[in-house]
1. Based on DSSP H assignment, which helices of the chain show an axial Cα extent of at least 30 Å together with a mean Kyte-Doolittle hydropathy greater than or equal to -1.0?
2. Multiply the residue separation of Leu267 and Tyr197 by 0.36 nm, subtract the distance between their alpha-carbon atoms, and state the gained length in nm to one decimal.
3. To the nearest 500 deg cm²/dmol, what mean residue ellipticity at 222 nm is calculated for the chain from DSSP H runs of n ≥ 4 alone, each contributing -39,500 (n - 2.57), summed and divided by the residues?
4. Give, as ranges by residue number, the residues of region 325-361 whose backbone N falls under 18 Å from the point 7 Å along Cα→Cβ of Gln258.
5. Please work out whether region 109-209 counts as rounded, prolate or oblate from its C-alpha gyration tensor, where a ≥ b ≥ c are the square roots of the eigenvalues and a/c under 1.5 means rounded, while otherwise a/b larger than b/c means prolate and anything else oblate?
6. To the nearest Å, what is the center-to-center distance of region 131-173 and region 254-285, using C-alpha atoms only?
7. Using only the Cα atoms of the chain, build the gyration tensor, take square roots of its eigenvalues as a ≥ b ≥ c, and label the shape rounded, prolate or oblate: rounded if a/c is under 1.5, else prolate if a/b is larger than b/c, else oblate.
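Every read-out reported here was derived from the displayed coordinates using simple, explicitly stated rules and does not represent laboratory data. On a predicted model such as this, the values are computed, not experimentally measured, just so you know. Here the Cβ is made from the backbone with ideal geometry for all residues, glycine too, and neighbour counts use every protein chain on show.
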Amino acid sequence: MPLWQGEPVASRIRSWLTDWTIIGPLVAVIALLLSWGRKLPLPFVVVVALCLAAAVLAAVHHAEVVAHRIGEPFGSLVLAVAVTVIEVGLIVTLMADGGPKSATLARDTVFAAVMITCNGILGISLLVGALRHRVAVFNAEGAGAALATVAVLATLSLVLPAFTTSRPEAEFSPVQLGFAGVASLVLYGLFVAMQTYRHRDYFLPVKQGAEEHAEPPSTAAAWTSLAFLVIALVAVVGDAKVVSPSIEEGVEKAGLPQAVVGVVIALLVLLPETLAAVRAALRDRIQTSLNLALGSAMASIGLTIPVIALASIWLPGALVLGLGNTHLVLLALTVVTGVLTVVPGRATPLQGGVHLVLLAGFIFLAVNP
């Protein structure tokens with residue numbers, strides 16, 4: 001039974017005891033407490049990974065309850081920021097323990113998040129929406145503004161370090177890193193203000209579905225879901241930290257590049273966004289899917305880079321942010337393709353397939369550079 005339906009307290013407690021969206025995060029937190037700081041054998045790693053998956057799915061559910069209460073585009077913003085909190089927490093904790101090989105972890109994870117959101121989530125949403133409803137329709141004004149912001153953020157934080165001359169490698173100097181962090185935060189804040197206040201209508205679904213007329217959850221239910229969303233996110237961050245040594249060990253044993261670790265982390269933390277975006281596309285709410293995809297890309301850069309810039313004060317080792325030549329080409333192709341996709345305000349399955357092929361190319365070249 002959904003949390004927001006009116007029911008007696010005793011009945012509500014009984015429903016909570018059998019509700020996987022409540023049990024899942026709690027079990028995941030227990031798994032985190034029992035496994036933190038320990039070297040786990042493979043069977044226990046699998047158990048923790050399953051708990052992590054349950055926490056991710058529960059986070060999606062609770063984020064959607066909160067989103068239903070506060071409405072669009074605030075709902076997409078809540079989930080995007082929540083997922084970015086996961087990403088930042090993972091990057092900082094892994095960089096703190098990773099040694100010299102973690103110098104490129106932030107860059108690899110943030111760039112992987114950009115490719116997964118702008119090609120994977122966006123592509124599968126357009127493909128599913130167009131196949132289900134013949135043509136995927138959305139607001140070109142909102143999607144175009146979001147894509148432009150992502151492009152500028154990515155250029156400031158991931159492209160320019162490869163061309164600056166203050167440091168010998170693809171690094172920013174402390175002053176340059178501080179400027180990139182402040183600029184990213186200001187630009188992200190400006191976009192959020194436009195999305196939620198001044199031009200909110202640009203980010204609302206073009207077609208209004210039945211859920212717009214459904215009874216929203218009560219305030220108490222929304223606060224309950226917000227609390228369990230926080231619990232689920234803590235569990236995801238912690239459990240991913242627990243299984244990350246096994247991921248790094250598996251990548252090393254397989255002889256794969258270190259960048260694959262960043263791809264795996266990004267895939268893990270963006271799973272809630274992906275599921276929520278696909279569900280919105282199936283309901284013909286393509287604009288919500290694009291808000292989730294491009295909003296997550298924006299938050300991944302606009303919030304992660306400032307935090308990493310601040311954390312670099314005490315984190316050991318270098319911080320390499322500049323992309324290599326292959327990734328620069330992929331980013332440029334993603335931006336150009338994205339512009340051609342969003343300008344018409346409508347898309348067919350072809351556009352979704354093009355973006356998914358771009359994502360496949362990124363993952364293939366990450367594994368086999």
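1. Values: long enough: 42-70 (42 Å, 1.86); 74-98 (35 Å, 1.96); 219-253 (50 Å, 1.04).
Result, helices passing both filters: 42-70, 74-98, 219-253.
2. Roughly 22.1 nm would be gained on extension.
3. -23500 deg cm²/dmol
4. Zone members listed by number: 325-327.
5. On the way: a/c = 4.05, a/b = 1.84, b/c = 2.20.
Oblate shape, in that a/c is at least 1.5 and b/c is the bigger or equal ratio.
6. Centre-to-centre distance over Cα atoms comes out at 18 Å.
7. oblate
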